[in-house]
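What follows is a set of notes on a single structure, which appears directly below.
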Amino acid sequence: MTTTEQTNAIEGAPAVPAAEPTIAETVGATDGPPSLAVRMENVDVDRLTEHEGNAREDVEASVTGDVQFLASVKTVGVRFPLKVKEHTDGRLEVIAGHRRLCAARLTGRTRVPCFIVQADAGKEAHDYIDMLLENVYRKNFTPAEHALALFRANRSGTARPVLSQITGMKPAELKTAITAGSLSQQTRAAVAAYEWDFTQLAALKPLDDDPEAVARVAAQVRKGGDFAHAINVEVVAREQAREQLRRHQALMDKLKANGVKVIDLSTPGMVALDRLADRRNRQLTPDTHADCPGHRALRPRPDDDAVRYVCADPKANDHRPYTAPTPKTDPASGTGTATASPSGVSADPAKAAAEAAAQALLKEGRLAWKAATLTRTQWLRTYLTRKTLPDNAFRFVTQQHITCANPLSRWFGNPRAKLLADLLSMPIGSELATIEARTATAPAKRQMVIQLAVLAAAHERAIDVEQDVWRWGQLGGEVARAAAAGWLTFLGTIGYPLSAVERALAERRNYTGRDEDTNKTGAQPTTSPSSADAPPADADPQASPPADEHTPAPGDDVPATDAPAPEPTTAEPSGPEQPATPTPAETDAPDADAAAATAPVAGTNKPPRSRARRPRRTVDTDQAARAA
């Protein structure tokens, strides 16, 4: 009977082709490989004995600690035959497959498939060569290959519950792995050099159709950047681009509804309205020019919300070049006051280049900061599942309560249940009463973690409402910046990997760009991307688990970046005794005080009070930092 016939004759045994001679079987051969009798049988586990010279001495320990391996053998049995040597006395000795045999016994399997060869006297060395070939020179799956195998098994018809039983993986972990396995071949090839786990690979799914974005993520990680932040930069940028396209389309629809014709920049003969005037040299505006037959709008760029109006034929519509008023002459110096060009662009090329570079850095910084905020929230959501806190976290919480830090005082005045519920992995929309009820029975040490969650929500809310808080050198908002810098510095000490823009604020310096040295020594601890995303060792098993992926999947809501919020009209006080900063009405209108001084006090017959204008109080950043 042939090997294939013997295999098929065994009930339930998989079809196995005729085995090729192993190196052990050809060692010492001079006239070609020897002819060996190999047969396959399903053998009772009680008939099998371990090889007395097995190099793996901790077989049972290695098997009992491999939960997924045991779950697989328990579910589907041993699928790969053991190699067994049959002695002349009928004894069957295992050469390769000791872990499979041990797992079968531990899970109650009574029979295992085996390749059986006859013992060759004087060739014991071949046994050890086979052990080497099976265990030492075998390369395990990379996470990407593992995920691909799971994805293809699922796509081929194996249901997820069955895969979960076979592999011993939890449903959430299996779902993430299958998502990671669904990446395109191009994306897998781009990240083949990185040993990223299932969660990191699955986070690339929203970028699967953008090889350049995947390459940028890989480049940032290669330079030492945090994986989660690099992913979120791309995710936020894509959402901003989608939002910009929506605004662009809405703008085009509005122009069409208003009957404004749109032309391209290359249209000959057109002139911008700010360079044209009527017969009385009054500069034309979109409103005054709306009824002109030549009224047109330049086609806006997709990344620009501004509409620039032109006249298609100024000469035919009796327009003439606008002449700016003569600059006023300073009698003392005899020089005139410089005026800006009609287009609003600096005439100095060097100054124009500097302004363009500053705008580009501002745009990049806002993108980096928004991505950092998303990354920070995801990290905190995982960190706050802990049962206890490190010692420095106890000190931080205590100091924040003693000093009543600015973000904390604002929180107590107007708490935000939604943000706190998100950080504690509770259902979005939970009320404060619900949060209080769900946390009331937590152990005392866990209560301290919840207090840190309240502080985190207070600081993150304060950071969110302050415009461009990441710009350390910006005038105004010094107290909020100092508090944010202190908060980020603390997060760095408990393991959060600060991004470049966050590290610049923590070190109280200006941000110079995303490509600044990521490995610079500072507030950022040395943390690998994979370990940064891993749950803490003492994570609370009773706490609600965080999301499967750190990065939103396609279709999830990602906050879009709109125009920045207006600067607050009052500065945040650093203490009870600090007076409020004057409002714009006081600082921008010099005649407001004079008008108030000549008006009677409302509701009385008292004469107006005479008061001198007080200078605006400035906040020392070092003092603000200490207060925060």
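We did not get these values from a lab; they are worked out from the coordinates using the rules stated. Computed from a prediction, not measured in an experiment: that's the story for all the values here. So basically every Cβ, Gly included, is an ideal-geometry build from the backbone, and we count neighbours across all protein chains shown.
Would you please give the FRET efficiency between Val262 and Leu106, computed as 1/(1 + (r/R0)^6) with r the Cβ-Cβ distance and R0 = 45 Å, to the nearest 0.05? Given R0 = 45 Å and the Cβ-Cβ separation, E is 0.05.
Applying 1/(1 + (r/R0)^6) with r as the Cβ-Cβ distance of Val67 and Ala358 and R0 = 56 angstrom yields a FRET efficiency of 0.50.
Of the peptides 373-383, 252-262, 203-213, the ranking by mean beta-carbon count within 10 Å, highest at the top, reads 373-383, 203-213, 252-262.
Remark on Ala96: its backbone amide H falls under 5 Å from those of Lys83, a criterion applied only to residues 5 or more positions apart or on other chains, H modelled at 1.01 Å from N. Backbone phi angles across the range 105-114, fed through the Karplus curve with coefficients 6.51, -1.76 and 1.60 (θ = phi - 60°), yield HN-Hα couplings of 5, 5, 9, x, 6, 9, 9, 9, x, 9 Hz in residue order; Gly and Pro are listed as x. Determine the shape class of the range 365-437: with a ≥ b ≥ c the square roots of the Cα gyration tensor eigenvalues, call it rounded for a/c under 1.5, and otherwise prolate if a/b is greater than b/c, oblate otherwise. Note, shape of the range 365-437 comes out rounded. Summarising the amide proton neighbourhood of Gln474: residues at separation of 5 or more, or on other chains, whose placed amide H is nearer than 5 Å comprise an empty set. For Leu276, the residues 5 or more places off, or on other chains, whose built amide H falls under 5 Å of its own are Leu284, Tyr322. Under the simplified labelling scheme, the Asp44-Phe141 pair shows an inter-label distance of 3.5 nm, with each label point 7 Å from Cα along Cα→Cβ.
With the cut-off at under 18 Å, measuring from each backbone N in the range 294-316 to a point 7 Å along the Cα-to-Cβ line of Glu212 picks out 301-304.
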